[in-house]
Amino acid sequence: MVLTTTTPAPEQYVESSTFASRYVRQPLPRFQMPKNSMPKEAAYQVITDELMLDGNPRLNLASFVTTWMEPECDKLMMASINKNYVDMDEYPVTTELLNRCVNMIANLFNAPIGSGEAAVGVGTVGSSEAIMLAGLAFKRKWQQKMKSQGKPYDKPNIVTGANVQVCWEKFARYFEVELKEVKLKEGYYVMDPVKAVEMVDENTICVAAILGSTLTGEFENVKLLNELLTKKNTETSWDTPIHVDAASGGFIAPFVYPQLEWDFRLPLVKSINVSGHKYGLVYAGIGWVVWRSKEDLPDDLVFHINYLGSDQPTFTLNFSKDLIPENFLHCGRLYIMENCIGNALILKEGIEKTGRFEVVSKDVGVPLVAFALKDSTKYTVFHISDALRKFGWIVPAYTMPADAEHIAVLRVVVREDFSCSLAERLISHIQEVLKELDSLPSRIVKDSHVVAVAKEVVEENKDGEAAKMGDRKIQEKVTKQWRHYVKTKKTGVC
């Protein structure tokens, strides 16, 4: 939930709708409950009229979240929308279906489940809640261990890459855990396992690896991380574990890259989260977290309630929630994922053929294309992002995290509903935008300070590597100008 930034005015009203005016004679208050009721048709029309100004979800290429499902899935969701699935006693069949989903996912991720055993996991409201729960489990396990050894347990930390999604920063801040980030570098936009293990100390509750970076879609090398961390644990007698944030890649890798070892096949991987509403192919609102075994989820984090009819164990941050059925039975997932990857390659090739961009995303990973302008002296990726809006496309532009802030990119996420024809249409619109921006005066504002710094750097660095460093300093200054330009126009990265 985004915090509201709207400042209500006491006398502000919703303007009368053309259609609603058949029922409504008085203007409606915008920030207060109306004193009188209104016909349901009018209320529907007033809200619908305002929602028309939203972007088209199908053309929102910023988001990993599913924007299309088959009609039968829509029917299932509507049939279940009035069920609060936390009421296990009242809705036992729904509970059984959710438990089956947890077991399906645990088996998909190669959890070591014995014969007759049930998988350990929960459904969540997206991967953000899943990560909070996994982080709490790691923190509690670490605290219990430190207490038993008579050591301080008030300064836990977690090691991640600087490319992690903001929910990791939220976990660290909300639950008082130090976040130790491995900085990025130009050309390498994921966590370096070697540097990550170097940052691990006795107070590290876990190392978080990402299967599908938000920035570039790339899979981090969880296998190498497991090997290096195993060696360090042996040398230090620690037992630092790994969590895999597979929000985007968890429903891709098992089907497209089945030989890739990133899951519970690696001994130090103790928990994995995945988003059903991303490449799980369902609408927003469902995520999952599964643990390797019941020993990895501390018992004292699980609550038992009985006021809904029977004893119900629960480990969630949210309580009441509706049911978003997972689409596990029908989908031919390998075909769907291969199709997404194929469309991403078509888009990548089209972008490369313009000769104007450098693609920074990798072919192996989440199907997306992230690309940077080769020449940003006249206009930037932010200008391109703005210009694509006139065609209806929502394509985010953003700068990379530390220490690669001077790199700014556009990113297109290829979902199931992004067809080959849409990819070709987007390429043609990008070409139109480039042609239009080329014909306009430069849109880069270089103040006297930037120009002075550029001249100074060029004077100091005449040739060779020194000159390249000079170019980089200039680029960093220009990037600061970009940030000033987009300070109030951020599109966000989902």
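May I ask you to say which residue of E227, E176 is over 21 Å from the mean Cα position of the chain (by Cα), free of Cβ contacts under 8 Å to residues at least 40 places away in the same chain and on the phi < 0 side of the Ramachandran plot?
After ruling out the rest, the residue left standing is E227.
Give I131, I105, I158, I113 a once-over and let me know the one that is free of Cβ contacts under 8 Å to residues at least 12 places away in the same chain and either in a loop (DSSP other than H, G, I, E, B) or not hydroxyl-bearing (S, T, Y) (or both).
Only one candidate qualifies: I113.
Looking for whichever is modelled with pLDDT under 95 and not in a loop (DSSP other than H, G, I, E, B) here; the options are P325, P313. Which one fits?
P313
With a cut-off of at least 2 residues that are in contact with a His (Cβ under 6 Å, 6 or more places away or on another chain) and open to solvent by less than 10 Å² (accessible area, probe 1.4 Å), name the strands (runs of 3 or more DSSP E) lying wholly within the range 338-399.
none
Determine which single condition S237 fails, assuming it passes every other condition in (1) on the phi < 0 side of the Ramachandran plot; (2) out of contact with any strand residue (DSSP E or B) (no Cβ under 7 Å at 6 or more places or on another chain).
(1)
Among residues belonging to the range 178-219 that are assigned to a helix (DSSP H, G or I) and open to solvent by less than 30 Å² (accessible area, probe 1.4 Å), point out the one that is farthest from S237 (Cα to Cα).
By that ranking, first place goes to P193.
Of all residues in the range 39-78, how many are farther than 14 Å from Y283 by Cβ and open to solvent by 60 Å² or more (accessible area, probe 1.4 Å)?
10
Hey, can you tell me all the residues within the range 249-284 that are open to solvent by less than 30 Å² (accessible area, probe 1.4 Å), closer than 22 Å to A137 by Cα and not in a strand (DSSP E or B)?
G250, W262, D263, F264, L266, L268, G276
Sort out which residues of the range 220-248 are open to solvent by 60 Å² or more (accessible area, probe 1.4 Å) and either closer than 20 Å to R333 by Cα or among the small types (G, A, S) (or both), and write them in order of number.
The answer is S237, and nothing else.
Counting only residues that are at pLDDT 90 or above and of a type outside the set (A, V, I, L, M, F, W, C), which one in the range 76-113 is farthest from F391 (Cα to Cα)?
By that ranking, first place goes to P112.
Of all residues in the range 114-125, which are open to solvent by 50 Å² or more (accessible area, probe 1.4 Å) and under 21 Å from T314 (Cα atoms)?
E117, A118, V125
Condition check ((1) under 30 Å from the mean Cα position of the chain (by Cα); (2) under 29 Å from Y279 (Cα atoms); (3) assigned by the TED database to the domain that holds E220) across all residues:
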site: G114; (1), (2), (3): no, yes, yes
site: A119; (1), (2), (3): yes, yes, yes
site: V122; (1), (2), (3): yes, yes, yes
site: E129; (1), (2), (3): yes, yes, yes
site: A134; (1), (2), (3): yes, yes, yes
site: A137; (1), (2), (3): yes, yes, yes
site: K145; (1), (2), (3): no, no, yes
site: P152; (1), (2), (3): no, no, yes
site: A162; (1), (2), (3): yes, yes, yes
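The values are calculated or read from the model by the stated rules, or taken from the named source; none is laboratory data. What you are looking at is a predicted structure, and each value in this text was computed from that prediction instead of being measured. FYI the Cβ positions are ideal-geometry reconstructions off the backbone, even for glycines, and counts take in every protein chain you see. Just so you know, the surface numbers come from the protein's heavy atoms only, side chains and all, with ligands and any DNA or RNA stripped out. Shrake-Rupley method; radii C 1.70, N 1.55, O 1.52, S 1.80 Å.
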